[in-house]
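Trainee: Got a structure here, written out as structure tokens. Questions coming.
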Amino acid sequence: MLVSLREVYLPAMIFSIILDYQLAIYFLYLYRKHRKDKIGLNKFLLMFSNIFGIGATSYLFLVIGSFYIPDSYLAESFIRIGISLLQGGILVVLLILLSKPFLTLINSRVVKIASVLSGISVIYLLFFYVKSIGLFPSILIGFIGGGYFLYFQIKLVKLTSGTVHSRLLMTLIGEVIFLIGMLLGSGLSNIPVLFDVRDLFYFVGSYVVNIGLLTIIYGTFKFPGVLEFNWKNNLLKLYVIDARNLYELYSYDFNKLRNLTNEPESRSNTEKNNKIQSIGVVGISDVFDEITKTYQNRVKIIKYGNFSILLEYERDSKSQFLFVLFVDKNMKSLQLFLKKVKSQFLNSYGGLLANFDIVDRFRETIFSGFDVILQNILD
């Protein structure tokens, strides 16, 4: 049966390994792309790159050892290397989880214990393998470390929202499908009771692996950087200002958004005790004076009372448009959000902004549509 099915499942195996390596390269690219933003949670992208790259290599060794090497000793060596690679990938993921950005999200003691066990498992498989004991302890340790990583992802999904939430959820579903397929198709199901149907398991497993990988690819398409949690709760007000002519072009109160999502009333009303409440930005002359004084110096952050003011400028130093975001607490994610707002606003209204008379007369009508664009950025 193995020979008759070879032409069917061999392409599936090759296809899945290629997809795995592509995902590893893609997540490494995303990690390097967002690395300059210095958001620690982006190391999650590095975890994915590691798990897919090492996972593909492990899968290759397991398949070759289980089905393509006639010599039993050499086949066993390939299987041991394959499982040790998978354990090594899990170990790297666990060590990344112990880095500072994730410490508040994990049980560090459990992760440290799982890391030590994974390290011992790798050493055992490569140097101290005992045939009478076999692979069972290593497979069990792998399930412990891998299971905790899946648990961490479930927790991460619950803490995120919008695009990041949906992408992580789809990726998690794909991973579960992938692991089921890998278990069926790697030859680990090759026990005496199932010996006669091992080829069927491998055939089914190869295609289940591909379904999981395609699901992951769908979930990770245009995968965003993993931003800090609850960054949206720190948003207060947004203003786009014509600093040269000293008037407001556009403003948005984020408490309106929280009211629509049924946030607790106490949270929605915090602004009543805040100096920003009457802002209109020009409405508070001392705040506005502070902002306009920094215009030529290109200051990015102003600490004012109990809140912070983030400022974003156009690249052209002669441009008069200033983007101002009032926040409870400054976070790197909020700075990136303001940059996206600037980019979208200028792309949407760049042509109109050059005509001062039209903007001055119709600015409430012209810029009202930016509310929808802003919601899309938040999602």
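Trainee: Under a 5 Å amide H to amide H cut-off, with H placed in plane at 1.01 Å, what residues pair with TYR247 once short-range neighbours are removed?
Mentor: Correct list: ASP242.
Trainee: Oh, and also: So which of LYS155/LYS340; LYS232/LYS339; LYS33/LYS112; LYS43/LYS340; LYS33/LYS303; LYS33/LYS340 end up more than 18 Å apart, counting from Cα to Cα? Spell out each step's value before the answer.
Mentor: Details: LYS155/LYS340 27 Å; LYS232/LYS339 15 Å; LYS33/LYS112 29 Å; LYS43/LYS340 22 Å; LYS33/LYS303 29 Å; LYS33/LYS340 16 Å.
As for pairs spanning more than 18 Å Cα to Cα, those are LYS155/LYS340; LYS33/LYS112; LYS43/LYS340; LYS33/LYS303.
Trainee: As an exercise, use a Förster radius of 45 Å and the Cβ-Cβ distance of LYS155 and LEU74 to find the FRET efficiency, rounded to the nearest 0.05. Before the final figure, lay out each step's value.
Mentor: Details: r = 42 Å, r/R0 = 0.93.
Computed FRET efficiency for LYS155 and LEU74: 0.60.
Trainee: Say R0 is 51 Å: what FRET efficiency, to the nearest 0.05, do ARG109 and LYS303 get from their beta-carbon distance?
Mentor: Numbers: r = 37 Å, r/R0 = 0.73.
According to the calculation, E is roughly 0.85.
Trainee: Another one. If you rank SER132, SER121, SER115 by fewest surrounding Cβ atoms within 10 Å, what's the result? Mind dumping the intermediate values first?
Mentor: Working: SER132 4, SER121 26, SER115 20.
In order of increasing Cβ crowding within 10 Å: SER132, SER115, SER121.
Trainee: Sorting PHE52, PHE102 on the 10 Å Cβ count, fewest up front, what's the list? List each step's numbers first, then the result.
Mentor: Working: PHE52 26, PHE102 19.
Starting with the residue having the fewest Cβ neighbours, the order is PHE102, PHE52.
Trainee: I'd like the Karplus ³J(HN,Hα) series for the stretch 21-27: coefficients 6.51, -1.76, 1.60, θ = phi - 60°, whole numbers in Hz, and an x wherever there's a Gly or Pro.
Mentor: Here the 3J(HN,Hα) series is 5, 5, 5, 4, 5, 4, 5 Hz.
Trainee: What FRET efficiency comes out for LYS131 versus LEU183 if R0 is 30 angstrom and r is the Cβ-Cβ distance? Round to the nearest 0.05.
Mentor: Numbers: r = 22 Å, r/R0 = 0.74.
Efficiency, rounded to the nearest 0.05: 0.85.
Trainee: Evaluate the distance, in nm, between pseudo-label points positioned 7 Å from the Cα of LYS332 and of LEU378 along their respective Cα→Cβ axes.
Mentor: Calculated label separation equals 2.4 nm.
All of the numbers you see were taken from the coordinates with simple rules; none came from a lab. What you are looking at is a predicted structure, and each value in this text was computed from that prediction instead of being measured. Reconstructed Cβ throughout: ideal geometry from the backbone, glycine too, with neighbour counts over all protein chains shown.
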